[in-house]
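Report on one structure; see the data block that follows.
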Amino acid sequence: QKVQVLPQTVLYIADAETFSGHEECHEQKKARKRNSKETAIALEKLLPKRCQVLGLVTPGVVVTPMGSSSNQPQEIEEGEAGFALLFPKIDGVKIHTFHFSKDSKNRVFDESKFAEAGLKNNPDLRVVLLFGYNSWKSGATRFLHQIVNPLNEKSIILAGGQVESFTSLTSENNNAQPGDACGVVGLAFSGPQIQSATILLDQDVADERTAEAAMQRLKAANIPEHNTIGFMFACVGRGYRHYKTKRNMEADAFRKFFPNVPLFGFFGHGEIGCDRIVTGNFVLRECNDIKDDLLHGYTTVMTLIHLGSTK
């Protein structure tokens, strides 16, 4: 007997070439390039109507084929690639999408929007994945600071990076961002059983030894590995260029220490994250009053999200 589990939240990421793709145009008897909105709509039609969908386009993709622990995670910096993570209803866990766009009329962000998005006054908030888009626009970096700084609390894991664009955000019936806008989209994970940790691999991490030492720091967080997902948010300047033509270095190092945790993510234009560990009782192992620096370049952020034990 087949058991089908319907997704409630979907995160999909693909590179620009994959996402545009080609389709046969029978009238002209030749392939034509689809635009991203057409592809997004086609994807969303495959999913339940009440499903929250967040779709991102990035320069490169990190993926574990079929999400299986028997498959090696791959850093795909060139060529077509993409993946989709389908989250079903999970007891004790709430996942929701959010979107903040820069208002050209107001320089100051209205922080009441955080509460509306479940990012403030939410004692169960554990992890926020943040993705900035159109980062090249004037004021984009300042706006990202306005979003990240108020959320920079020791009891919350923040991780993510700058993407090319977002293509789906069905919770708002918004299939594409305005071409001249910049902003932040993301996923928030709430639930008392969620545990998480992040580490930052800076420019000094440049060979196999230092990459594995970084993964040892993540391993030392003692996040349970069952029912856990790994995320890797790397700069486009890293990968094989940074490691002197050796490919898949960071994904291989992750796999060595976490052989049963699938790894997903992307290569982007800036990274969000820091060394931060939030354990079961939510006491940070190393805590001080100084706010962590969360915005970086030429780095990689590795994140573990444990969604609790399954029955």
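The values are calculated or read from the model by the stated rules, or taken from the named source; none is laboratory data. All of these numbers come straight from a predicted model, not from anything done at the bench. Neighbour counts run over all protein chains shown; Cβ positions are idealised from the backbone, glycine included. When the accessible area is computed, the model is the full protein with side chains, heavy atoms only, and any ligands, DNA or RNA have been set aside. Shrake-Rupley method; radii C 1.70, N 1.55, O 1.52, S 1.80 Å.
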Kindly work out what percent of the DSSP beta bridges joining two residues of the range 94-190 are antiparallel, to the nearest 5. 70 percent
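What does DSSP give for the range 126-243 in terms of the percent of beta bridges that are antiparallel, rounded to the nearest 5?
DSSP beta bridges in the range 126-243 are roughly 55 percent antiparallel.
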Where does the chain land at 222 nm, in deg cm²/dmol rounded to the nearest 500, when only DSSP H runs of n ≥ 4 count, each adding -39500 (n - 2.57), divided by all residues? -5000 deg cm²/dmol
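Relative to the present Cα-Cα distance, how much length would full extension add between residue 204 and residue 78 at 0.36 nm per residue of separation?
Working: separation 126, 0.36 × 126 = 45.36 nm, distance 2.42 nm.
Residue separation times 0.36 nm, minus the Cα-Cα distance, leaves 42.9 nm.
From Cα pairs below 8 angstrom and at least 6 apart in sequence, can you work out the relative contact order of the chain, rounded to a whole percent?
23 percent
Pulled fully out, how much extra length does the chain show between residue 103 and residue 245, if you take 0.36 nm times their separation in residues and subtract their Cα-Cα distance? Please report the intermediate quantities before stating the final value.
Values: separation 142, 0.36 × 142 = 51.12 nm, distance 4.21 nm.
Gain on stretching residue 103 to residue 245: 46.9 nm.
Show me the trypsin sites (Lys or Arg not before Pro) within the range 48-135 that DSSP assigns to loop and that have at most 16 other Cβ atoms within 10 Å of their Cβ.
Working: sites: 49, 50, 89, 94, 102, 105, 107, 113, 120, 126; in loops: 49, 50, 89, 102, 105, 107, 120.
Passing sites in the range 48-135 are 49, 50, 89, 105, 107, 120.
Ignoring ligands, DNA and RNA, what accessible area per residue does the chain give at 1.4 Å, in Å²?
Numbers: 15370 Å² over 311 residues.
Normalised by residue count, the accessible surface of the chain is 49 Å².
In the chain, what percent of the accessible surface is made up of carbon and sulfur (1.4 Å probe, ligands and nucleic acids excluded)?
With neighbouring chains kept in place, the figure for the chain is 49 percent.
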What nm value, rounded to one decimal, do you get for the distance between residue 42 and residue 124 when each label is placed 7 Å out toward the C-beta? 3.8 nm
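Taking the Cβ of residue 103 as the centre, find all other residues whose Cβ is under 11 Å away and add up their charges (Lys, Arg: +1; Asp, Glu: -1).
On the way: positive: 102, 105, 107, 113; negative: 110.
Charge balance near residue 103 sits at +3.
What GluC sites (Glu not before Pro) in the range 63-122 are in a loop by DSSP, with at most 14 other Cβ atoms within 10 Å of the Cβ? Show your work: numbers first, answer last.
Numbers: sites: 75, 77, 78, 80, 111, 116; in loops: 77, 78, 80, 111.
Loop-located and lightly packed - 78, 80, 111.
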With θ taken as phi - 60° and the coefficients 6.51, -1.76 and 1.60, list the Karplus ³J(HN,Hα) couplings across the range 97-103 in order, rounded to whole Hz; mark glycine and proline as x. 8, 8, 8, 10, 10, 5, 8
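Multiplying the sequence separation of residue 6 and residue 291 by 0.36 nm and subtracting their Cα-Cα distance, what value in nm do you get? Please report the intermediate quantities before stating the final value.
Numbers: separation 285, 0.36 × 285 = 102.60 nm, distance 3.95 nm.
Gain in length upon complete extension: 98.6 nm.
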Can you give the relative contact order of the range 94-190 as a percent, counting alpha carbon pairs under 8 Å and 6+ residues apart? 49 percent
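Kindly identify the range 94-190 as rounded, prolate or oblate by the Cα gyration tensor criterion: order the square roots of the eigenvalues as a ≥ b ≥ c, call it rounded if a/c is under 1.5, otherwise compare a/b with b/c, prolate if a/b is larger, else oblate.
Taking the square roots of the gyration eigenvalues as a ≥ b ≥ c, the range 94-190 is prolate.
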Along the range 82-92, Karplus-curve 3J(HN,Hα) (6.51, -1.76, 1.60; θ = phi - 60°) to the nearest Hz, with x for Gly and Pro, reads x, 7, 9, 9, 10, 9, x, 5, 10, 4, x
Given 37/256; 49/113; 94/154, the pairs whose alpha carbons are separated by over 32 Å: 37/256
Nearest 5 percent is fine: what portion of the DSSP beta bridges confined to the chain is antiparallel? 75 percent
Go ahead and set up a Gaussian network model of the chain, Cα springs under 10 Å, then flag whichever of 277, 90, 156 fluctuates most. 90
With the chain treated as a Gaussian network of Cα nodes joined by springs under 10 Å, which of 19, 109, 83 yields the largest mean-square fluctuation? 109
Rounded, prolate or oblate (a/c below 1.5 giving rounded, otherwise prolate when a/b exceeds b/c) for the chain by Cα gyration tensor: rounded
The chain: most fluctuating residue of 121, 149, 106 per GNM, C-alpha cutoff 10 Å: 106
